[in-house]
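Just dropping this structure here.
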Amino acid sequence: MKLEPKPLKYTELPGISTRQLTEHHDKLYVGYVNKYNEITEKLAAVDLSATNQTYSDLRELQLEKGFALNGVKLHEAYFDNLTDKPTEIIDPIKSALIKQWGSVDKWVAEFSALGMAARGWVVLDYDYALGRFDNYIFDAHNQGGIANTQLILVMDVYEHAYFLDYATARKDYIAAFMTAIDWTVVNQRVSADDKKLT
Ligand code: FE
């Protein structure tokens, strides 16, 4: 199945410029969509009998397929959980964060600090096996993800996400991200099934 890039819902965000967003979305994100399509086309024609764990076309293409697809999914979740019309944090995510962290502020402090610890992504996810929300970091698109979880909130902390606006001041970018979260979208992810609210 060929993937199509999804458009941005806004042209700028509080604290993030149009130029920064356009470079990030139109070049980097669209690049992952195109590479995924290129890789899956090549995989359809690969010689399955020549497979090998040290090197084989099947192995290399399959690894990069996972990298490219996570690049697509994480970027789509990231762009979609931001808004140019900031929203207040409301239930059900508000109660869920309080239940897990004790207060929304404690979750914000942890999520923001993880933004300084990660090399790629910070993710708030819901773990279906453990039955709870938790924060995780990714050092690459295909390094750090937890199996059997759903993305609830995604923050890109690769330099390409903020360098045009903030240079090395990642902390300021993280503060801007936290004020531009679309809590309506976050709540739609929380409410996508009943399991998370029990
Ligand atoms: Fe990115």
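Taking a ≥ b ≥ c as the square roots of the eigenvalues of the Cα gyration tensor of the range 59-176, is the shape rounded (a/c under 1.5), prolate (a/b larger than b/c) or oblate?
Oblate, since a/c reaches 1.5 and b/c is not below a/b.
At 1.4 Å probe size, with no ligands or nucleic acids counted, give the accessible surface of LYS106 in Å², nearest ten.
Near enough 130 Å² of accessible area.
Follow-up. At a 1.4 Å probe radius, which order do MET155, MET1, MET178 fall into by accessible area, largest first?
Sorted descending by solvent-accessible area, the residues read MET1, MET178, MET155.
Could you derive backbone 3J(HN,Hα) for the range 128-142 from the dihedral phi with the Karplus parameters 6.51, -1.76 and 1.60 (θ = phi - 60°), listing whole Hz in sequence and x where the residue is Gly or Pro?
5, 6, 8, x, 7, 8, 7, 9, 9, 10, 10, 8, 7, 4, 10
Right, another one. Starting at the first residue of the range 69-78, write each ³J(HN,Hα) from the Karplus equation 6.51 cos²θ - 1.76 cosθ + 1.60 with θ = phi - 60°, in whole Hz, x for Gly and Pro.
My calculation for the range 69-78 gives 5, 5, x, 5, 5, 5, 5, 5, 5, 4 Hz in order.
Amide H neighbours of ILE152 under 5 Å, counting only residues 5+ apart in sequence or on other chains, H built in-plane at 1.01 Å?
Under 5 Å from the amide H of ILE152 lie the amide H atoms of LEU124, ASP125, TYR126, each far enough along the sequence or on another chain.
Cα to Cα, under 26 Å, and not fewer than 8 places away if on the same chain: which lysines meet these conditions relative to LYS27?
The reachable lysines, counting only those whose Cα sits under 26 Å from LYS27, are LYS2, LYS6, LYS9, LYS35, LYS42, LYS65, LYS73, LYS85, LYS171.
Then there's this: Can you give the helix-only mean residue ellipticity at 222 nm for the chain, where every DSSP H stretch with n ≥ 4 adds -39500 (n - 2.57) and the sum goes over all residues, rounded to the nearest 500 deg cm²/dmol?
Values: 8 runs with 88 residues, N = 198.
After summing the helix terms and dividing by the residues of the chain, the value is -13500 deg cm²/dmol.
Would you rank ARG19, ARG132, ARG189 by solvent-accessible area, highest first, keeping every protein chain in place and using a 1.4 Å probe?
Highest to lowest solvent-accessible surface, that is ARG19, ARG132, ARG189.
Among TRP183, SER49, PHE163, flag the residue with its Cα farthest along the positive direction of the charge dipole of the chain, charges on Cβ as +1 for Lys/Arg and -1 for Asp/Glu.
Highest projection toward the positive end goes to TRP183.
How large a share of the accessible area of the range 93-191, in percent, is made up of carbon and sulfur atoms when the probe is 1.4 Å and the other protein chains stay in place? Display every interim value, and only then the final one.
Numbers: 2290 of 4330 Å².
Ligands and nucleic acids excluded, carbon and sulfur give 53 percent.
With a sphere of radius 12 Å drawn around the Cβ of HIS75, what net charge do the other residues whose Cβ falls strictly inside it have (Lys, Arg +1; Asp, Glu -1)?
Within the 12 Å Cβ shell, the charges total -1.
Kindly express, to the nearest 10 degrees and within the range 0 to 90, the angle between helix 30-43's C-alpha long axis and the longest C-alpha principal axis of the chain.
Approximately 30 degrees, to the nearest ten.
Keeping all protein chains in place and using 1.4 angstrom, which order do SER191, SER56, SER17 fall into by accessible surface area, from largest down?
Numbers: SER191 60, SER56 5, SER17 35 Å².
Order by accessible area, largest first: SER191, SER17, SER56.
If you fit an axis through the alpha-carbon atoms of helix 104-117 and take the longest principal axis of the Cα set of the chain, what angle between them do you get, 0 to 90°, nearest 10?
Helix 104-117 and the main axis of the chain meet at about 40 degrees.
Under a Cβ-only charge scheme (Lys and Arg +1, Asp and Glu -1), can you give me the dipole magnitude of the range 93-191 about the Cα centre, in debye to the nearest 20?
With Lys and Arg at +1 and Asp and Glu at -1, about 260 debye.
Now, a different point. Can you give the charge dipole size of the chain about its Cα centre, rounded to the nearest 20 debye, using +1 on the beta carbon of Lys and Arg and -1 on the beta carbon of Asp and Glu?
240
The values are calculated or read from the model by the stated rules, or taken from the named source; none is laboratory data. Owing to the predicted nature of the structure, the values given are computational and were not obtained by experimental measurement. Methodologically, a virtual Cβ is constructed for each residue, glycine included, from the backbone with ideal geometry; neighbour enumeration extends over all protein chains shown. Calculation scope for accessible area: heavy atoms of the full protein, side chains included, ligands and nucleic acids excluded. Shrake-Rupley method; radii C 1.70, N 1.55, O 1.52, S 1.80 Å.
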